[in-house]
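Structure first, commentary second.
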Amino acid sequence: MQTRRIGDVEVSAIGLGGMPMSIEGRPDEARSLATIHAALDAGVTLIDTADAYHRDAHEVGHNETLIAKALSSHDRGRDVLVATKGGHLRPGDGSWTLDGSPRHLKEACEASLRRLGVEAIGLYQFHRPDPRVPYAESVGAVRDLLDEGKIRLAGISNADPDQIRQANDILGGRLVSVQNQFSPAFRSSERELELCDELGIAFLPWSPLGGISRARELGSAYAPFARIAEAHGVSPQRVCLAWMLAKSPVVVPIPGSSRPETILDSLAAPRLELDAEELAQLDAG
């Protein structure tokens, strides 16, 4: 498995996104555990989760608990950087709400610590800006958690370039990651990716294959990905991740998965070499 860096931590070039294993349409626990264990066996050392990755109101942190169980039952579990997030909430009716208040973020971090069973969270990310709370206050809470040793690394998610710069300033230059949506269908985060490349901050594309329901449609919706995949004898999804990795050494995609076979296909992407002409075709869409 090829590696990249988040802060001072070396991680697998492809991570595992845990959300599909805990929200609507999730599989049974046995299949989820098998998916995580397959990823670990293949060399994954980055798993992304959030306290909001759950389905019902009474099961906040379902995905964090699931990941903790999977890691504790595998001999490579200690080698994994777990990245979790706070600031998003799910009332249980399928909607997503926000609470970026410092009080909530600090309480959410404490709860995540308990569910993950760790003394310090590997990477803690402010999930999404809350328009009711000044951004500086939310990121300031993350800074406090970092200073207190509750978290080892600090990141942000769903941020624009101004927020990336502001967060890095508030954190005293210690911002290590930005997690934004980026895929063939959603390319507006290209400017954030370029800024992260300039600053040496890891860029973690979420839903890199287009989302849970659309990942299988990638080849039919975007002809260049299907054409190049056929030429190499691989899946369009593998081509997509290889294309992202080629954009910058700071890119670390975190495709969501709930099946061993899909995460194993994604993990083969770093070994797929695309030439300049192919990359240009993919860039053009």
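The values are calculated or read from the model by the stated rules, or taken from the named source; none is laboratory data. The structure presented is a predicted model; accordingly, all values stated were derived computationally and were not measured. Heads up, the Cβs are rebuilt from the backbone with ideal geometry, glycines too, and the neighbour counts pull from every protein chain shown. With ligands, DNA and RNA removed, areas are computed over all heavy atoms of the protein, side chains included. Shrake-Rupley method; radii C 1.70, N 1.55, O 1.52, S 1.80 Å.
List of remarks:
- Pairs linking a residue in the stretch 12-38 that is farther than 21 Å from TRP96 by Cβ and among the acidic types (Asp, Glu) to a residue that is at pLDDT 95 or above and outside any strand (DSSP E or B), with Cβ atoms under 6 Å and 6 or more positions apart or on different chains, do not occur.
- When LEU113 is tested against the conditions (1) in contact with an Asp or Glu (Cβ under 9 Å, 6 or more places away or on another chain); (2) touching a residue at least 40 places away in the same chain (Cβ under 8 Å); (3) in a helix (DSSP H, G or I); (4) open to solvent by less than 50 Å² (accessible area, probe 1.4 Å), the lone failure is (2).
Quick grid of which residues meet (1) among the polar types (S, T, N, Q); (2) at pLDDT 95 or above; (3) more than 18 Å from the chain's Cα centre (by Cα):
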position: GLY94; (1), (2), (3): no, no, yes
position: SER101; (1), (2), (3): yes, yes, yes
position: LEU105; (1), (2), (3): no, yes, yes
position: GLU110; (1), (2), (3): no, yes, yes
position: TYR135; (1), (2), (3): no, yes, yes
position: SER138; (1), (2), (3): yes, yes, yes
position: GLN166; (1), (2), (3): yes, yes, yes
position: LEU175; (1), (2), (3): no, yes, no
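- Within the stretch 150-163, residues that are polar (S, T, N, Q) have Cβ atoms under 7 Å from residues that are not in a loop (DSSP other than H, G, I, E, B) in these pairs: SER157/LYS85; SER157/GLN125; SER157/PHE126; SER157/GLN179; SER157/ASN180; ASN158/ASN180; GLN163/TYR135; GLN163/ILE156, counting only partners at least 6 apart in sequence or on another chain.
- Residue match in the stretch 116-136 (condition: in contact (Cβ under 8 Å) with a residue 24 or more places away in the chain, within 26 Å of PHE203 (Cα to Cα) and touching an Asp or Glu at 6+ places or on another chain (Cβ under 6 Å)): yes
- Selection within the stretch 63-104 - open to solvent by less than 50 Å² (accessible area, probe 1.4 Å), free of Cβ contacts under 8 Å to residues at least 60 places away in the same chain and assigned to a strand (DSSP E or B): VAL82, THR84, GLY86, HIS88, LEU98
- Count of the stretch 132-152 residues which are in contact with a strand residue (DSSP E or B) (Cβ under 8 Å, 6 or more places away or on another chain) and not in a helix (DSSP H, G or I): 4
- Where GLY155 falls short, out of the listed (1) assigned to a helix (DSSP H, G or I); (2) closer than 23 Å to PRO20 by Cβ: (1)
- ILE201 vs. criteria open to solvent by 10 Å² or more (accessible area, probe 1.4 Å) and under 17 Å from the mean Cα position of the chain (by Cα): no
Condition check ((1) in a loop (DSSP other than H, G, I, E, B); (2) charged (D, E, K, R); (3) under 26 Å from GLU137 (Cα atoms)) across all residues:
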position	(1), (2), (3)
GLU198	no, yes, yes
LEU209	yes, no, no
SER220	no, no, no
VAL234	yes, no, no
GLN237	no, no, no
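- Scope the stretch 171-225; condition at positive phi and not hydroxyl-bearing (Ser, Thr, Tyr); matching residues: GLY172, GLY173, GLY200, GLY210, GLY211
- Qualifying residue in the stretch 211-218 (condition: over 23 Å from ALA280 (Cβ atoms), open to solvent by less than 40 Å² (accessible area, probe 1.4 Å), out of contact with any helix residue (DSSP H, G or I) (no Cβ under 7 Å at 6 or more places or on another chain) and in contact (Cβ under 8 Å) with a residue 60 or more places away in the chain): no
- For SER248: the one exception among (1) open to solvent by less than 20 Å² (accessible area, probe 1.4 Å); (2) within 30 Å of GLU29 (Cβ to Cβ); (3) modelled with pLDDT of 95 or more; (4) not charged (D, E, K, R): (2)
- Looking at ALA231, ALA242, just one residue is buried (at least 17 other Cβ atoms within 10 Å of the Cβ) and free of Cβ contacts under 8 Å to residues at least 60 places away in the same chain, and that residue is ALA242.
- Boolean, SER22 is touching a Phe, Trp or Tyr at 6+ places or on another chain (Cβ under 8 Å), among the small types (Gly, Ala, Ser) and either open to solvent by less than 10 Å² (accessible area, probe 1.4 Å) or modelled with pLDDT of 95 or more (or both): yes
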